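**Q** The structure follows.
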Amino acid sequence: SADHLVLLFIFWELTSVSSYLLIGYHHNGAKSRVAALQAILVTGAGGLCMLAGIILLGCMAGTFRISELLQMDAAALVSQPGFATILVLILLGAFTKSAQFPFHFWLPNAMEAPAPVSAYLHSATMVKAGVFLLARLFPLLSASPLWLPIVAPVGAVTMMTGALMALGQNDLKKILAYTTVAVLGTLTMLLGIGTELAVKAAMTYLLAHALYKAALFMTSGTIDHETGSRDPDHLGGLRRAMPLTAAAALVGALSMAGLPFLVGFVSKEYFYKALLDAEGPGVLWEVLGVSASVVMVAMALTAGIKPFWGAVRPTPKHAHEAPWTMWLGPLLLGVAGLKTGLLPGVAGDWLIGPAAASVL
């Protein structure tokens, strides 16, 4: 809700500090400390670049008020000498915060945090701050001729990097972390393309991802807590011992895969349609988008379905259902994803429509 660029930056950096503390929650472990330090160094460095861009932008425009900036003649502002530097500096802040290539490496390492922190970091809040910045300043920044050539390719490369690196992982949280990188790249690519349909697709995908990814991170934490393992190759048949957790993971995984009647299906359809409608190499965008989605389906099956189905496998701890405090949250998120998919008009009227209108 901040209407001042400097105030926005202050709260932006407070998310970096809080994330540093949360990622380093297990502070006695060297991996946790390194991951926390890496996260704050990368996002902090990007934040300093963004601050420089904000100061230059405010001086050039004569105001730091976001509402006033968005009412200005964007074409006249972006044509001024030095605006390209401002754009690059602000984009560096957004790219580091939202783990865009080549700054993507810090986010998977952040999975050293406990599962609830991972859900906060990877699904909806902290890493979406960069995407939020791109969306918030979209009417101004997208007027630059450099917007599409920079933002869309960076998003596409990040999408494919995250998808490909998710393949072959043998840890549920790592699989989910790398697919988060892929989704962040998807959102950035859509905002880079910048058509009205692409913005609607980005807002729909953002909501869908928040619901299914938080549910899957929480269920992966539950599996680890109750079985002592997060290796999908060593897990199977857990639905008998953990039926409620299995139900939550199933709905989240099917939404991630984009099956009908779930919000993930709606987001994927808008995604494909926006890519076909995009300017420039529309066929290339579509090929990349479909390729990444194929990997997402495979990873959804691996992280959300494989541990609960098939033959029962021995685990380090005797598997049993978690307390209601651990399965209720992801189950509610799964139900929300199902209801949103069955009633997309309600989400469109109350969430997606206003969000897209605000961006545009």
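The values are calculated or read from the model by the stated rules, or taken from the named source; none is laboratory data. Note that the structure is predicted; figures quoted are calculated from it, not measured. For neighbour counting, all protein chains shown are included, and Cβ atoms are generated from backbone atoms with ideal geometry for every residue, glycine included. Just the protein is used for accessible areas: all its heavy atoms, side chains included, with ligands, DNA and RNA removed. Shrake-Rupley method; radii C 1.70, N 1.55, O 1.52, S 1.80 Å.
**Q** Taking the radius of gyration and the Kirkwood hydrodynamic radius from Cα positions alone, what is the Rg/Rh ratio for the range 198-349, to two decimal places? Before the final figure, lay out the partial values.
**A** On the way: Rg = 16.7 Å, Rh = 16.0 Å.
That ratio equals 1.04.
**Q** Within 10 Å, count the other beta carbons around each residue, average over each peptide in 246-256, 23-33, 285-295, and list them highest first.
**A** 246-256, 285-295, 23-33
**Q** Quick one: helix 147-166 against the long Cα principal axis of the chain, what's the angle to the nearest 10°, folded into 0 to 90?
**A** 10
**Q** While we're on this one: Between Val283 and Val312, what's the calculated FRET efficiency when r is the beta-carbon distance and R0 is 35 Å? Round to 0.05. Don't skip to the answer; put the middle values down first.
**A** Details: r = 46 Å, r/R0 = 1.31.
After rounding, the FRET efficiency stands at 0.15.
**Q** Same structure, new question: Is the C-alpha gyration tensor of the chain telling us rounded, prolate or oblate? Criteria: a/c under 1.5 is rounded; beyond that, a/b larger than b/c is prolate, otherwise oblate.
**A** prolate
**Q** A further question follows. With each pseudo-label sitting 7 Å past Cα toward Cβ, what's the Leu276-Ala84 distance in nm, one decimal?
**A** 3.7
**Q** Sort 330-337, 34-41 by packing, meaning the average of other beta carbons within 10 Å per residue, with the highest value first.
**A** 330-337, 34-41
**Q** So if I take the centroid of the Cα atoms in the range 98-167 and the same for the range 307-341, what is the distance between those two points in Å?
**A** Cα centroid to Cα centroid, the span is 27 Å.
**Q** What is the gain in length, in nm to one decimal, between Asp231 and His4 on full extension, counting 0.36 nm per residue of separation less the C-alpha to C-alpha distance? Let's see the in-between values first.
**A** Values: separation 227, 0.36 × 227 = 81.72 nm, distance 4.58 nm.
Contour length minus the Cα-Cα distance gives 77.1 nm.
**Q** Taking the simple approach of a point 7 Å from Cα along Cα-to-Cβ for both Asp349 and Met72, what is their distance in nm?
**A** Between Asp349 and Met72, the simple spin-label model gives 3.9 nm.
**Q** Using a/c under 1.5 as the rounded threshold, could you call the range 11-155 rounded, prolate or oblate? The axes a ≥ b ≥ c are square roots of the C-alpha gyration tensor eigenvalues, and prolate needs a/b larger than b/c, oblate otherwise. Walk me through the intermediate numbers first.
**A** Values: a/c = 2.54, a/b = 2.28, b/c = 1.11.
Here the range 11-155 falls in the prolate category.
**Q** Classify the range 286-347: rounded, prolate or oblate, from the alpha-carbon gyration tensor (a ≥ b ≥ c, eigenvalue square roots; a/c under 1.5 rounded; otherwise prolate if a/b is larger than b/c)?
**A** Oblate shape, in that a/c is at least 1.5 and b/c is the bigger or equal ratio.
**Q** Can you tell which of Gly168, Gly155, Gly58 shows the greatest fluctuation in a Gaussian network model of the chain with Cα springs below 10 Å?
**A** Gly168
**Q** In Å², and per residue, what accessible area does the range 1-126 have when probed at 1.4 Å with the other protein chains present?
**A** For the range 1-126, the per-residue accessible area is 44 Å².
**Q** What distance in nm separates the simple spin-label points at Thr325 and Leu342, each placed 7 Å from Cα in the Cβ direction?
**A** 3.0
**Q** Compute the FRET efficiency between Phe11 and Leu301 as 1/(1 + (r/R0)^6), taking r as their Cβ-Cβ distance and R0 = 45 Å, and round to the nearest 0.05.
**A** About 0.75, to the nearest 0.05.
**Q** Next up: Please work out the Cα center distance from the range 243-295 to the range 1-53, rounded to the nearest Å.
**A** Value for the Cα centre distance between the two parts: 30 Å.
**Q** Still on this structure, please answer the following. Per residue of the range 215-221, in order, report the coupling 6.51 cos²θ - 1.76 cosθ + 1.60 (Karplus, θ = phi - 60°) as ³J(HN,Hα) in whole Hz, putting x for Gly and Pro.
**A** 4, 6, 5, 5, 5, 5, x
**Q** List the relative contact order of the chain as a percent without decimals, with contacts defined as Cα pairs under 8 Å and 6+ residues apart.
**A** 17
**Q** Of the cross-linked pairs Lys31/Lys306; Lys128/Lys317; Lys31/Lys268, which ones have a Cα-Cα span greater than 30 Å in the structure shown?
**A** Check vs 30 Å cut-off fails for Lys128/Lys317; Lys31/Lys268.
**Q** Would you grab the residues whose amide H sits under 5 Å from the one on His4? Only those 5+ places off in sequence or on another chain, please, with H modelled 1.01 Å from N.
**A** Ile66
**Q** On to the next question. Just want the answer: with Cβ charges of +1 for Lys and Arg and -1 for Asp and Glu, which residue in Gly282, Tyr120, Val6 is farthest toward the dipole's positive end in the chain?
**A** Tyr120
**Q** Sorted by mean Cβ packing within 10 Å, highest first, what order do the peptides 305-311, 81-87, 220-226 take? Provide the component values of the computation, followed by the final result.
**A** Details: 305-311: 17.7, 81-87: 15.9, 220-226: 22.1.
Packing proxy ranking, top to bottom: 220-226, 305-311, 81-87.
**Q** Name the residue from Ser267, Gly237, Ala355 whose Cα lies farthest towards the positive end of the charge dipole of the chain, charges +1 on Cβ of Lys and Arg and -1 on Cβ of Asp and Glu.
**A** Gly237
**Q** Please name whichever of Ala76, Val154, Gln169 sits farthest to the positive end of the charge dipole of the range 64-194, dipole taken about the Cα centre and charges placed at Cβ: Lys and Arg +1, Asp and Glu -1.
**A** Highest projection toward the positive end goes to Gln169.
**Q** Using the crude model of +1 on Lys and Arg Cβ and -1 on Asp and Glu Cβ, and no other charge, please compute the dipole size for the chain relative to its Cα centre, in debye to 20. Mind showing how you got there, number by number?
**A** Values: 19 positive and 17 negative charges, 160 e Å.
Result for the chain is approximately 760 debye, rounded to the nearest 20.
**Q** Another question about this same structure. Probe of 1.4 angstrom, ligands and nucleic acids ignored: what's the accessible area per residue over the range 231-299, in square angstrom?
**A** Each residue of the range 231-299 exposes 42 Å² on average to a 1.4 Å probe.
**Q** Can you show me the helix-derived [θ] at 222 nm for the chain, built from DSSP H runs with n ≥ 4 at -39,500 (n - 2.57) apiece and divided by the number of residues, rounded to the nearest 500. Let's see the in-between values first.
**A** Working: 18 runs with 252 residues, N = 360.
So the calculated ellipticity at 222 nm is -22500 deg cm²/dmol.
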